[in-house]
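J.: Below you'll find the structure I mean.
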Amino acid sequence: MPYSFVEIEKEKTWVIKAVFVFLLVFYFLVAELLWIVTRMFFSSQSPFAGPAQLFSPGEFVIVFAVALAVASLHWYYSTRNMIADLTNLLDARAPDLGDTYHKMFRNVVDEVSIATGGRKIGCYVVPSSGMNAFAVSDLEGNSAIGVTEGLLSRLSRSQLEAVVGHEAAHIASGDSFSTTVICSLFGIYGALLEGINRITLGRSGDSSKERVSVGARFGAYLLVVYLVLLVVKGANHLLNMFISRQREYRADAVAVRLTRDPVALSEALYLISRGWRGVGVIPGSLSPIFITAPDTDSLSESEGIFSDLFSTHPPFKNRLNILLDMAHSDLQSLKSGIRTAPKTVVEEEPVELEGLSVDARRGGPFCPKCGQALSEISYEGAPAMKCRFCGGVLAASDVATRIIARENYLFPGEIRESSEALMKSHWRENPPNFFNVTDKLACPRCREAMERGFFTYGLPVIIDKCFKCGNIWFDKGELEMLQYLIEKSRNGEL
Ligand SMILES: [Zn+2]
Ligand SMILES: [Zn+2]
């Protein structure tokens, strides 16, 4: 590896000092500005009486002390649990080792952390069907690599190894420590700002008077928060200027050295660049920790001093060209030779528990429709339960999200036909009344009555969900239809 432990520690200390000084200067300027404005309001003297008045030593010391206190508090609260704070914000979870894809990811990360000779690297999965990956490191030397569900299901093992190698390179070189600090200090607030924008934009359709007055009070409160966040976001942009686009090229090169496979990394980058990268789920202000900016912005795809300065990621075109040179290949042969996994027919493997047939365990959860014991199955690699008699499937809601993000099944003709027929039925004009369901099913896990409803608002597939334990019951074929329709809508065919 290109860096020694001592060098990384030196770099870390430098980053901590530089970022803290930035924070201090930032708050000093803000405090000074506020002080001047306050004096203009409360003083009868002209604010333009002379520079001596603006910088009296006593005032300078007070303003500096306030800035120092605020900067220290900001630093302390933002850097205490950086990995936990960022992964919570992304809703990222530890891999489920009962899931084939998650297990493969865990294995790849373990292999790569041995190859880089560093400490054990943590793993996270973001429940989004977009394609992206990130790395984070904290002050204590803990680090973690995260990938989205979409990336896991659409990359081959060698492509995944290349992406994990790229992220491990950021961790080993210390880059990921500086981006983690910057995202923790400022990116998190930018993410809140994006959230507020979504709420306020979503509210514009409200016409009820009562709601408007509540909305107005809420709005006034939001405005203050919004302005503060806007200032912080500006600071974030400034700080991002120090994140060199070079670090992405360096990490690409290290990943190739680790995996000895420049083709795999160029294929992975090509697939990520073509796909949806999770904008809307992944806040744009956290893009420094990601392998690629989630929102396609023309700035990051262009060259020149301006984009070098303001963009955190180099253009895909350049990254691909460098990798293709190493592989003695070109874009055309990359596109034609890309190895994508073939789709398999829907077929779940039953999971046997210690030689005992699952159906024989009489205590296990029972089918809410026909009362038979449910069998454990692996559905698109994810752990679920199935009734062998009526064909219904029980899945925890995070497992269902995972299954839907995956696109490795080839659906039989009958599923396609029934899904198309369902879409053509007049379900929008005559929506079912879910408020007086008389035959509620009992949750197989906790016996609570399950609520009936659409899985998602845009599609007519009706499911039963337990709000106590989060499990979802799909009647025979419902999960397949949902997968088929969501895949179609992702490809813009609905
Ligand atoms: Zn059944
Ligand atoms: Zn339940």
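Coordinate-derived values only; no laboratory data. Just so we're clear, the structure is a prediction, and the values are computed from it rather than from any experiment. Cβ atoms come from the backbone with ideal geometry, glycine included; neighbour counts cover every protein chain shown.
J.: Sorted by mean Cβ packing within 10 Å, highest first, what order do the peptides 317-325, 57-65, 373-381 take?
T.: On the way: 317-325: 17.6, 57-65: 12.6, 373-381: 20.7.
Most protected by this proxy first, the peptides run 373-381, 317-325, 57-65.
J.: Efficiency by 1/(1 + (r/R0)^6): what FRET value for residue 328 and residue 42, r their Cβ-Cβ distance, R0 = 51 Å, to the nearest 0.05? Each step should come with its number before you reach the end.
T.: Details: r = 72 Å, r/R0 = 1.41.
That pair, residue 328 with residue 42, gives E of 0.10.
J.: Quick one: 3J(HN,Hα) in Hz for the stretch 480-494, Karplus 6.51/-1.76/1.60 with θ = phi - 60°, rounded, Gly and Pro as x.
T.: 4, 4, 4, 4, 4, 5, 5, 4, 4, 5, 5, 7, x, 9, 9
J.: What net charge do the residues around residue 485 carry, taking every other residue with its C-beta under 13 Å from that of residue 485, with Lys and Arg at +1 and Asp and Glu at -1?
T.: So the surrounding residues net to -3.
J.: Amide H of residue 461: which non-local residues (sequence gap of 5 or more, or other chain) have their own amide H closer than 5 Å, using H built in the peptide plane?
T.: Placed amide hydrogens put 455, 456 under 5 Å from residue 461.
J.: Which of the peptides 73-83, 476-486 is most tightly packed, and how do the rest follow, judged by the mean count of other Cβ atoms within 10 Å per residue?
T.: 476-486, 73-83
J.: Net charge near residue 119, counting Lys/Arg +1 and Asp/Glu -1 over other residues with Cβ under 15 Å of its Cβ?
T.: Charge balance near residue 119 sits at -4.
J.: Given a Förster distance of 51 Å, report the FRET efficiency between residue 103 and residue 35 from their Cβ-Cβ distance, rounded to the nearest 0.05.
T.: Details: r = 58 Å, r/R0 = 1.13.
Efficiency, rounded to the nearest 0.05: 0.35.
J.: Provide the packing ranking of 36-42, 169-175, 260-266, i.e. peptides ordered by the mean count of other C-beta atoms within 10 Å per residue, highest first.
T.: Final packing ranking: 169-175, 260-266, 36-42.
J.: Which value in nm describes the separation of the simple spin-label points at residue 139 and residue 231, placed 7 Å from the Cα toward the beta carbon?
T.: 2.4 nm
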